[in-house]
1. So between residue 263 and residue 91, what do we pick up on full extension, going 0.36 nm a residue minus the alpha carbon distance?
2. Set the Förster distance to 56 Å, then compute FRET efficiency between residue 481 and residue 440 from the Cβ-Cβ distance, nearest 0.05.
3. Mind putting a number on the dipole of the chain about its Cα centre? Charges go on the C-beta only, +1 for Lys and Arg and -1 for Asp and Glu, and I need it in Debye to the nearest 20.
4. For the stretch 418-429, in order, what is each residue's ³J(HN,Hα) by Karplus, 6.51 cos²θ - 1.76 cosθ + 1.60 with θ = phi - 60°, in whole Hz (x at glycine and Pro)?
5. Rounding to the nearest 10 and keeping the result within 0 to 90°, find how far the Cα-based axis of helix 562-584 lies from the longest principal axis of the chain.
6. Could you order peptides 513-521, 363-371 by the average number of other Cβ atoms within 10 Å of their residues, highest first?
7. Specify the inter-centroid distance of the stretch 120-157 and the stretch 47-71, based on alpha-carbon positions, in whole Å.
8. Enumerate the amide H contacts of residue 337 below 5 Å, restricted to partners 5 or more residues apart or on another chain; note that Pro and chain-start residues carry no placed amide H.
Amino acid sequence: MSVDAWITVAVLAMAFAMLASDRMAPSAVVLSATALLLLANVITTEQALSGFSNPAPITVAALYVVARGAQKTGLLAPLTSRLLGEGRSWRDLARLVVPAAGASAVLNNTPLVAALVPDVVAACQRRGISASKFLMPLSFATILGGTVTVLGTSTNLVVSGLVQEADGRPLGLFEVTPIGLPTAIAGLLVLVSVSWWLVPDRVAVADQDDRESREFVVAMEVVADGPLAGQRIGETDLVAREHVFLVQLLRDGHRQSPVDLDVVLEAGDRLSFVGRVDRVVDLHRLPGLRSTASHHLETLAGRSRQLQVAVIGRTSPAAGHTLAEVDFLSRYQAAVLAVHRDGHRLVAEPREVRLRPGDALMLLADRDFADTWRDRRDFLVIAPLGGDPPEVSRRAPLVGLVMLGMVAAATTGVATVLEAALVASAVLVATGVLTAHEVRDAIDLDVIILIAASFGLGQAVQVTGLADRLAGALVSAFNGFGTYGIVFGILLSLTLLTELVTNNAAVVVVFPVGAAIAAREGIDLRHLAVGLAVAASSSFLTPIGYQTNTIVYGPGGYRFTDYLRVGLPLNLTVLVVATVLVVRG
C-alpha cells in the first residue's frame, strides 16, 4: 500500500478507538480525523469539505425541526396511550411498535423516539407496568421502519448523498423500499414474536424497586454539634435504615470502604449512601446530616423546585467529566443529589463520579428544567419524579398537515426531500409553532457536523486505493460462498462496525469498499447502497450503536446485555433478508 493509505489506516484506527471509548464527542473525533488527513495531504481541501456541501446534513437538520414541532404540540401523545392498550400482552406491544415503525418511515427515527419515550413511560406508570417491555422494542421498530424510505433515518440520507457523488443521482424517496420494506416486515415479525418473552422486566430509573434501585449514590456530611457527631457508627440508625446502605466514609482525604462500624463520627465526615430514590431523599431530613451539595441547594432557594431524573446523553458536555469540571450548577441551574449507573453500585460521592452516557442524575431544579433542556443534546431524557404527561396543543393538527404536505411533496417529485423539509420547517416557524430559539435547540449540531465531516474519511479511503484493497480482501474471504457470501460479508462487517462507532461514520467508510466490490462482482451499486443503509441502521446488539437505543437505555432500566437477547436474532434476520434482496435485485 502507499504511504497515504497507511496514514489513512492509522488515522481511521485512532478515530474508531476514540469513538468506541466515548471519551470525545463523535463529531469532534471525525472532524479531527478529517483535519489530520487534510494536514497530511492525503485529501484535498475540497475533498475534506465535500460533506459540508452535500444535501444530507441540511436535510437532517430540517427534519429535526419538523420532529420538534410534533413533539412540542403533542401530535403523537394521544395515539401512544391508545395504542398501548392495557399493556399486558404481546398484542399490546404489536399495537405500539407497528405504527411506530410506520411513522419512522417518514419521520427521522431519532427525534421520533425522543418524542415518544416520555409518553410511553407515563402511560406505563399509569398502568403500573414496566416500560422496559415497550421501550427497547420501540427503538428497534423505529430503526426497522427507518429503512423503508429515505426520510426514515439520517443514514439513508447519508447513503443517498454518497450515491449521488458516485452515480450522479441521489436515492429516490421510495428507492430503498423494495429492500427496506420486506426487511422491516421480517424484522417486525421476529421482534413481536420474541421480544415480549425475551425482554426482561426492568424498572425505570425513577421507579426502581427494592432489588434494582440500590444504585443511586448520595453524599452527606456530618454536621458540627449535631446529634450524630461523637457517636459510634454502629450505634446510630445510619446502618439500620431500610433500603439504604452506608458504603463509604471520607475523612481528611482518607477513604474507608467498607465502613468500620466502630468508627466514631466527627464533624465534617462525608458519608456515601446507596439506596432507593425515596430513601436517599429521606436522608436529607435526618438530623445531624446535610447534603454535601447544601451550598448548591441554597443557591436555588426561593424557586419553585422539583425533583427530576435526567439521563446523560452520549454527546453531552457532561459525559466523561465530573460535576465540578462542567460547572454543573452554573450551567444547568440544578443541584445533583444522587447518581445512578446501570448494573453498578457506585461508591464515590456524586461530585467525584466521572459521568458516562446513560448515567441518571437525580436533580433538584426548577419545574421548567425539563422544558429548558429536554430538546438539547445534554440529556437524553428528563422526567420529573411523579410528573404528569404533557398536554396536547391545539396546533397539533397544523403540524400534522405540514408533515403530510412535506411527505406528499417529496413523494410526488414536486420538491426534493431537502426542499420539502426546509419548507415544512419554515412554515412551522412562520405560523408560530416554533420559535427561533426552539429551532436552534431542536437541531443536534453534533450529528450534523458528524455527517458532514465523515465524508472526508470516505474520500480518503477511496482516493488512497484503500477501498480497492479492502474490497479485494473481502471478496477473497467470502469468495467461496459466491455473490451471496460476498454481500452478506460486507453487510455483516458494517453492522458489527456500527455497534462500535456511529452508523453514519461507519457507512461512509464502508461505502467505497462496497462500491469497489459492486464494480468487481457486477452487483448493482444502487441496490448494494440500499443494503448498506439497512445494515448500518441494523444496530440491535448494544445500547451505544444507535442513538435511539441509547435514548431508551436509562428510562427502560436496561442492562447492557439485555440488547443481545432480542438483538441477535433480529440482526441475523435483517442481514439474511437484505442479502437475498440485494443480490436478486
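1. Numbers: separation 172, 0.36 × 172 = 61.92 nm, distance 5.66 nm.
Extra length from residue 263 to residue 91 when fully extended: 56.3 nm.
2. Values: r = 50 Å, r/R0 = 0.89.
With R0 = 56 Å, the Cβ-Cβ based efficiency is 0.65.
3. On the way: 45 positive and 51 negative charges, 208 e Å.
The calculated dipole for the chain is roughly 1000 debye.
4. Rounded to whole hertz, the list is 4, 4, 5, 5, 5, 5, 4, 4, 5, 5, 5, 6.
5. 10 degrees
6. Details: 513-521: 21.1, 363-371: 18.9.
Output ranking for 513-521, 363-371: 513-521, 363-371.
7. Between the Cα centres of the stretch 120-157 and the stretch 47-71 lies a distance of 22 Å.
8. 362, 363, 364
Bear in mind these aren't lab numbers, they're just calculated from the coordinates by the rules spelled out. Computed from a prediction, not measured in an experiment: that's the story for all the values here. Every residue, glycine as well, gets a Cβ built from its backbone with ideal geometry; the counts of neighbours run over all protein chains shown.
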